[in-house]
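See structure below.
The values are calculated or read from the model by the stated rules, or taken from the named source; none is laboratory data. Note that this is a predicted model, so its numbers are computed, not measured. Positions of Cβ are generated from backbone atoms using ideal geometry, with glycine treated the same way; all protein chains shown enter the neighbour counts.
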Amino acid sequence: MLIDKLKILLLLFLFINVSCNDHEEFQNDPNSTTEANPGLLLTNIEVTALNSIDLNAAMASRYLVNVNLAEDAQYYGWDRASFGFYNTLRQVKKMEEEAENFNNINFVAIAKFFKAFVYEQITRQFGDIPLSDALQAEQGNYTPVYDTQRQVYLSIFELLEEANDLIDINGPAINGDVVYNGDLQKWKKLFNSYHLRVLMSLSKKENDPDINIPGRFSGIFNDSATYPIMESLADNAMYTFSEETGNVYPFWQNASITTSYVLEETFVERLKEFNDPRLFEMAAPDSNNSDEPMSFDSYSGLLGSAPIGQNVSRLTNGEGSALNSRYIDDPEAEPNLALGYPELNFIIAEAAYRNWIAADASSYYEEGIRASMNYYGIAEDQIDNYLQQPIISYQPATGLEQILKQKHTAMFLNSGWEPFYDNRRTGLPVFNVDGGGIINDEGVPKRWMYPFSEINQNQSNLEEAIQRQFPNGDNINAEMWSIQE
Amino acid sequence: MKHYYHDKIISLTGYFFITSILLLSLNCSAQANDKAGDTIKKLPESSFPLTIQGKVTDKTTGKPLYGVAIQTFKTNRGTSTDTAGEFELHLEKPAKGLSVSYLGYTSKKIILNDPGYLDIQLSSSISDLDEVVVTALNIKKSKERIGYAVQEVDGKKLVKTQEPNVVSNLTGKVAGLTVFNSTEFFANPGLTLRGESPLIVIDGVPNTSTNLWEINGNDIESINVLKGPPASALYGSIGRNGAILITTKRGNEDGDVQVEITSNTMFQTDFLRVPETQSKYGSGRNGVYVYSDGSGSGQEGSGFSWGPRLDKPDPTTASGFVERVQYNSPIDPETGERIPIPWVSRGKNNLENFFRTGIVNNNTVAVTAGNEKKNIRVSLGNRYQRGIVPNTELTNSNFSIAGRLKYKKFTADVSLNYNKQQTDNIPEVAFSSQSYIYNLALWMGANVDVRDLKDYWVQGQEGYQQRHYSTSFYNNPYFLANEFNRGYYRDVTYGQISLTYDFTNDLKLNVRNGFNYFSLDRNTKQPISFVRDFNRTQGNFSKSYRSEFEFNTDVYLNYERSLTDDINISSTLGASNLYRSTTASTVSTNGLNVPDFYNLANSRNALTGSNFDAESRISSAYATLDIDFLNSIYLGFTGRNDWVTTLPQENNSFFYPSVSLSYVASKMFDLPEIISNLRLRGSWAEVSDASYGGTYSHLESYNSGINWQNNASLTFPGNLISPNLDPQTSSAFEGGLVLGLLDNRLSFDTNFIFVRDFNNLTNAPISVASGFSSRLINANEFEKRGFELVARGSPIRNKDLSWDITFNLSQFRTYLTEIDQGENIGQLEEGDRADKLFTTVWQQTPDGRDIIGNNGINVRDPFNRHIGFSDPDWVYGFLNTFKYKNFDLFIGIDGREGGMAQSRTIRNMYWSGVHPETVNPFRAASSRGVSNYIADGVVVVDGEVEYDTDGNIVNDTREYAENTQVVNYEDYMTTYHSRAYGNHYYDMSFIKLREVSLSYNFPSKMLENTFLKQATVSLIGRNLAIWSKVDYIDPDSGTDLRLQTPSMRNFGIHFNAKF
């Protein structure tokens, strides 16, 4: 009897083993989707590509100094940068593909803008970069050839022209837009305003007849029907922060910001010299004067190029203004501004100064200041008082310096590395390098070395690009095409 | 030619598993034939009283053995052999059998079925001739028949000085097995077998989700390590990296009910390795410290210990020392100002004062009963650990039941285990403000006494603001211990049922179903004002849940047969199926409304969460064939085919062949007397797997991106998946020699390993400008070369005193032999060792001088340079067992030689200013504001250097002059030790006195009139001493990236009794 029961048990055991699912049923990943609409990709692209609050940029552009760590950005000791922006381009390419699947021309236009925007971020760091041959891994090209920087810029102009052509204000709506909430007219204005920024970034090439920077600039500026540009702060390319997880202002509750960073001395001194009320919004009084926040004398900075020990001892003596507490206490602090109406005014003012367009530099200069003050919520009468100061009023002889100083002020903790590249292009405002702590023998570096990943993964194309650009090899002091006279 | 015929006695090991396991030899067939006559009749009770006489000899040499213990099963009657090996035992009462045991020999049980003279032969346990080990699929084989490396660890060797996780007890005990013992509470010890992570198999059932916390060492009968692919090929893809087979205990078979109690308690009393910090200078920067509000900004110096000198006399103050305002200054009720207090070194012993004595306690009760036909074992175990960090406790409870039933041609073997691991708090180990070492040693100045921080709330702000000397960067360690808690609750159930049916003596069927299931509930409680990543948080609560289920089935048919007297064959045909599923989810609050109320409903903002599910299956069919010639040549073949779900379906089937040969030369030839055993073995296997990444990593899909103000988003991953993925394959060869000398009192077992890994499933990096940063493809080839030696010896073997030694030694190297995509993998080139380390370094001249920049500080090299290798050169263990009368002494020493790793602790000790070497005249000057440090090195006065893209110098016209630039010492140290890593990689070589246990076995005479049958008491010690090249940290864990917790010495007592 028992033996029979056991035999049955054995058979049952065998049956358990035979009943299994088909292998095909395991080929669906329940944790991630294979389908997307372009709007789902757009949100992430906007938040990453337009991220413009960058501590390294703030140190390299002489807004902030770090008193805890000898930072490469502050002491100009950097060497390489990464090609990480290409990861954003992958998202842009996917968005373009999905846009074509969804037959949404406006997403295609936005994708073209972001391609231009991101390629420019990359080329201005290094020089020649892969563009026409890039983003083709899916077609089997894993080692893209480098385009010359000149070709990269021509492609960027082309992309921006196409974007402006393609976008259809009355066409299909877009979703997932945390910058303009689907307002296509504002996107169109951004395309052209940004186009002007890129043209201005090539001011050293203004005499190159082939590329015709002044002509391109005036062509856009003078045809606002075809090429609308930003007209107010409401057109700013920016997104806002909130208290939601991961959506907070990057410095929120960050002890490292409060303890490590103070404002840079030359920047504070300029704001004090100009009686600039924006100082009170940007900074906190130094610890010697913490009870008098509304006096310019209560503010001081530490020198970006001084050895860290010197800055620390000045700090221990009570000098050095920290950032205004709203950057730390308020999760919304201020928006992430990638390209703003104030900056655009300074770009136009500079174009007028350079006679690329027939326009009044002074009025754009003043409008830029006014817009920036508005951005910080400065009262109108204070703005008027500020503008009436002789040191502020526009003088054609010192126009370029005035425009770039004001542009520099307006880009405090926004617009990413733009102030650094303005300085590279114009030398203005002057970044101090004589404090004794600078690591790079030649002062402010001109560029970044190409990333290790390209040495390892794309060496022959990289070597060709280095050889044709930099006879002395890949180094941070070499001048790339865009800044050669 | 020698012959080995069976006595009427049946060896304990040979008999124990006889019906459920394949036996492949003539010897075993003979056993089976014995058994065919059913069980051996025992002597009728009427035969007693009876005097039994007999002789015990060495099976190999025939020499008599002196001092062999002879005992009856139930009673404590016993005697021992005389110098002629003979004994006489008078039995008043009926007895069923005798157990015969002798150190260095395999014990035997003898059923008394004949009142005549007993001729007993014992086999040396250090010879591998009769040693039976468990191999893949739980098939037991005599070691001499095996053509690949297997090493067994007896369960008894694991129980005396028990570590919280039994893996740690394997350290040094198996050649080729490297255990990286963590100093952290409830952290998994790192375990690698020949450089890879092996499969764990418990009672024949693969368990791919175990971390071995669920196993109670007292339940382990033995552990067999199948070292390489040839040994584990029958497990298919999951067994590619070798396997560790754990066999749990079963009931006894002598018809008796036995209770066994084991109790083990160890105290972690003092530091073996701990960061020692200077106490001459306190918090601050540039010799200045002024407490303002604890935010760390300004004059406080944000936690650096570069402040003013401590313990400086000042006759003008009441205390006689310089006084300063500090965080714990009393407040003057009239002015509201803080009153200065002495600036003295209160914090000298902060680590000792904060950490407490840890306890590891393990109690197990096991009841066993049974006879040859049915037996059962039930055990209950509880392991308790009290961590050295306050408020850390772990309870790990086990319940297990196992038994075996034989009925006619059936054998059933069943085991079921339940385990519960629970702790309310696992301290976090990280280079950040969650770490105790970070808060206590690196950044707390010697002016702070940690004991003053025991009140960890600011008065009036309980629940909202912790009290600390600095509240922006650091956490009060007591606040951290009591309020920042990470709970971990894991329920594990696993078990198996194995049924065997013997159709005939030659043919049997085995069916085994086994399962492993765990559910894990974790939570993290972050109090309000907790500092994480330099952020003062709003409090948080997160809860995560994970469960994994694994069901494994094996069915096989075994046939064995003697073809002629000299040729036997045995063959197996089988199929198996492994199903795995995982489900996991996490939900977190976004800030807390009410302090100290840890519930998801208490979230300030919207909850965030995610979940994960996965299912996979491997179906397999396999066959084996073993052929024995002349009792000395053993040839084995195995083949297995797997069908997996984790690869594209076109390529999901793969086959693994293996072949092995064992040749016992000493049985075939008459060798010189000194050689008692000579055996050659060799094996080859090809094993594949598809275990790259996760279950679905071969499928392309979007990831979820950032959620920006309720706009969900997607991103496309940067890994381009090739549509034609194949499994990755290892082709493994190993060969070895086993040599036994002087009656096997000295033996060597060597093994050479050569493995070629090809078709590796690799995320091969590609130029990110192509749009993707890597491609998942089959690429690259690695070669692994290794050497293992197990040497055993018995220098002393007398009646009263014996000394047995085991020495394990291994080396394992991996070389990159072929790159398919591009010219490098990272900075590795073809032919390089795969463990080559590259990191940021300071620039040097071609003749090795440091290059100093014009700011007086070293210049960083723009290229990462090769600084050493991470793998150890040698891993070894030296195990000594001494026996003197009733005393046993075990001394285990092990270590590793070579291998480098970064020490974050030491690097940051220099940076923060607490390293004892930073106390010197330069610092004294620096703290007075004087810069007088001149870095040793040269400055470039002329010329330039040009590198090619790989960093090789192509043109160098540099001219140098001795550096004369004066720099502030503190500036120099903080910069030098924070901007490059090369100088903080240390040689991780060490030798450790791992384990000492001194045991006293109560003699049976002493226990005669008690209820006890057997009793042992031991004094034990673990982790007692270390010699290493690196200071302050314990290199045993092989890493110090996350600021390791101090390493502790363990002392305790072990007690074992049977009744």
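Looking at the structure I just gave you, is residue B:715 among the β-branched types (Val, Ile, Thr) and either within 14 Å of chain A (Cβ to nearest Cβ) or closer than 30 Å to residue A:47 by Cβ (or both)? Yes.
Please state which one of B:710, B:641, B:652, B:724 is under 30 Å from residue B:766 (Cβ atoms), surrounded by fewer than 18 Cβ atoms within 10 Å (Cβ to Cβ) and within 14 Å of another protein chain (Cβ to nearest Cβ).
It is B:724.
Just one residue in the set B:560, B:548 is surrounded by 15 or more Cβ atoms within 10 Å (Cβ to Cβ) and at pLDDT below 90; that residue is B:560.
Only one entry of B:528, B:569 meets the criterion of being assigned to a strand (DSSP E or B) and in contact with a Pro (Cβ under 9 Å, 6 or more places away or on another chain), and that entry is B:528. For the stretch B:771-794, name all the residues that are more than 14 Å from every other protein chain (Cβ to nearest Cβ) and either closer than 22 Å to residue B:720 by Cα or touching a Leu at 6+ places or on another chain (Cβ under 9 Å) (or both). B:778, B:781, B:782, B:783, B:787, B:788, B:789, B:790, B:791, B:792, B:793, B:794 - these are the residues of the stretch B:771-794 that are more than 14 Å from every other protein chain (Cβ to nearest Cβ) and either closer than 22 Å to residue B:720 by Cα or touching a Leu at 6+ places or on another chain (Cβ under 9 Å) (or both). Taken across the stretch B:170-179, residues that are in a helix (DSSP H, G or I), surrounded by 21 or more Cβ atoms within 10 Å (Cβ to Cβ), at pLDDT 85 or above and out of contact with any helix residue (DSSP H, G or I) (no Cβ under 6 Å at 6 or more places or on another chain) do occur, with at least one present.
Of all residues in the stretch B:572-591, none that is under 30 Å from residue B:558 (Cα atoms) and more than 8 Å from chain A (Cβ to nearest Cβ) has its Cβ atom under 6 Å from the Cβ atom of a residue that is outside any strand (DSSP E or B) and modelled with pLDDT of 95 or more, 6 or more apart or on another chain. Only residues that are more than 10 Å from chain B (Cβ to nearest Cβ) and surrounded by 15 or more Cβ atoms within 10 Å (Cβ to Cβ) were counted across the stretch A:426-476, and they come to 14. Against the numbered list (1) part of a helix (DSSP H, G or I); (2) among the small types (Gly, Ala, Ser); (3) surrounded by fewer than 22 Cβ atoms within 10 Å (Cβ to Cβ), residue A:359 comes up short only at (1).
When each of B:732, B:690 is tested for being hydrophobic (A, V, I, L, M, F, W, C), crowded, with 19+ Cβ neighbours inside 10 Å, in contact (Cβ under 8 Å) with a residue 60 or more places away in the chain and within 14 Å of chain A (Cβ to nearest Cβ), the lone residue that passes is B:690.
For the stretch B:503-523, the candidate set comprises residues that are within 14 Å of chain A (Cβ to nearest Cβ) and surrounded by 19 or more Cβ atoms within 10 Å (Cβ to Cβ); within that set, the residue that is nearest to residue B:425 (Cα to Cα) is B:514.
One residue stands out in the stretch B:411-459 among those that are of a type in the set (D, E, K, R) and surrounded by fewer than 22 Cβ atoms within 10 Å (Cβ to Cβ): the one that is modelled with the lowest pLDDT, namely B:428. Figure legend. Inter-residue proximity from the stretch B:592-616: first residues more than 11 Å from chain A (Cβ to nearest Cβ), second residues charged (D, E, K, R) and surrounded by fewer than 16 Cβ atoms within 10 Å (Cβ to Cβ), beta-carbon distance below 6 Å, spacing 6+ or different chains. Indicated pairs: B:593/B:604.
Considering the conditions (1) under 29 Å from residue B:890 (Cα atoms); (2) of a type in the set (Ser, Thr, Tyr); (3) in contact (Cβ under 8 Å) with a residue 60 or more places away in the chain, residue B:83 is excluded by exactly one of them, (3).
Here is a yes/no grid of residues against (1) closer than 18 Å to residue B:152 by Cα; (2) of a type in the set (Phe, Trp, Tyr); (3) buried (at least 24 other Cβ atoms within 10 Å of the Cβ):
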residue: B:188; (1), (2), (3): no, no, no
residue: B:191; (1), (2), (3): yes, no, no
residue: B:195; (1), (2), (3): no, no, no
residue: B:201; (1), (2), (3): yes, no, yes
residue: B:222; (1), (2), (3): yes, no, no
residue: B:229; (1), (2), (3): yes, no, yes
residue: B:234; (1), (2), (3): no, no, yes
residue: B:242; (1), (2), (3): yes, no, yes
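Note on the stretch A:41-84: residues that are surrounded by fewer than 21 Cβ atoms within 10 Å (Cβ to Cβ), within 10 Å of another protein chain (Cβ to nearest Cβ), within 14 Å of the chain's Cα centre (by Cα) and in a helix (DSSP H, G or I) amount to 1. The helices (runs of 4 or more DSSP H) found entirely in the stretch A:129-227 that carry 1 or more residues being within 14 Å of another protein chain (Cβ to nearest Cβ) and closer than 22 Å to residue A:421 by Cβ are A:149-166. Being within 14 Å of chain A (Cβ to nearest Cβ) and in contact (Cβ under 8 Å) with a residue 12 or more places away in the chain is true of residue B:768. Checked against the criterion of being buried (at least 22 other Cβ atoms within 10 Å of the Cβ), within 11 Å of chain B (Cβ to nearest Cβ), touching an Asp or Glu at 6+ places or on another chain (Cβ under 6 Å) and assigned to a loop (DSSP other than H, G, I, E, B), the candidates A:320, A:304 yield just one match: A:320.
Elements of the type strands (runs of 3 or more DSSP E) sitting completely within the stretch B:931-1006 and holding at least 3 residues that are touching a His at 6+ places or on another chain (Cβ under 7 Å): there are none. Restricting attention to the stretch B:344-383, the residues being surrounded by fewer than 18 Cβ atoms within 10 Å (Cβ to Cβ) and touching a Pro at 6+ places or on another chain (Cβ under 8 Å) number 1.
Somewhere in the stretch A:263-286, is a residue at positive phi and exposed (fewer than 15 other Cβ atoms within 10 Å of the Cβ)?
The initial filter retains those residues of the stretch A:263-286 that are at positive phi, namely A:275.
Adding the requirement that they be exposed (fewer than 15 other Cβ atoms within 10 Å of the Cβ) leaves A:275.
Yes, the conditions are met somewhere in the stretch A:263-286.
Got a number for residues in the stretch B:296-343 being in contact with a Ser or Thr (Cβ under 8 Å, 6 or more places away or on another chain), crowded, with 18+ Cβ neighbours inside 10 Å and closer than 30 Å to residue B:1045 by Cα? Let's see the steps before the verdict.
In the first step, residues of the stretch B:296-343 are kept if they are in contact with a Ser or Thr (Cβ under 8 Å, 6 or more places away or on another chain); the result is B:296-311, B:323, B:327, B:338-342.
When the remaining residues are screened for being crowded, with 18+ Cβ neighbours inside 10 Å, the result is B:296-308, B:310, B:323, B:327, B:341-342.
The next check asks that each one be closer than 30 Å to residue B:1045 by Cα; those that pass are B:296-297, B:300-308, B:310, B:327.
So the count comes out to 13.
Yes/no matrix, rows are residues, columns are (1) of a type in the set (Lys, Arg); (2) touching a Phe, Trp or Tyr at 6+ places or on another chain (Cβ under 9 Å); (3) farther than 16 Å from residue B:757 by Cα:
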| position | (1), (2), (3) |
| --- | --- |
| B:778 | no, yes, no |
| B:791 | no, yes, yes |
| B:799 | yes, yes, yes |
| B:820 | no, no, no |
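Contact map, the stretch A:315-341: first residue touching a residue at least 60 places away in the same chain (Cβ under 8 Å) and more than 26 Å from residue A:303 (Cα to Cα), second residue surrounded by fewer than 17 Cβ atoms within 10 Å (Cβ to Cβ) and β-branched (Val, Ile, Thr), Cβ cut-off under 7 Å, separation 6 or more or different chains; pairs are A:332/A:240; A:335/A:240. Please work out if residue B:474 is surrounded by fewer than 18 Cβ atoms within 10 Å (Cβ to Cβ), of a type outside the set (A, V, I, L, M) and touching a residue at least 40 places away in the same chain (Cβ under 8 Å). No; evaluated as a whole, the condition is false for this residue.
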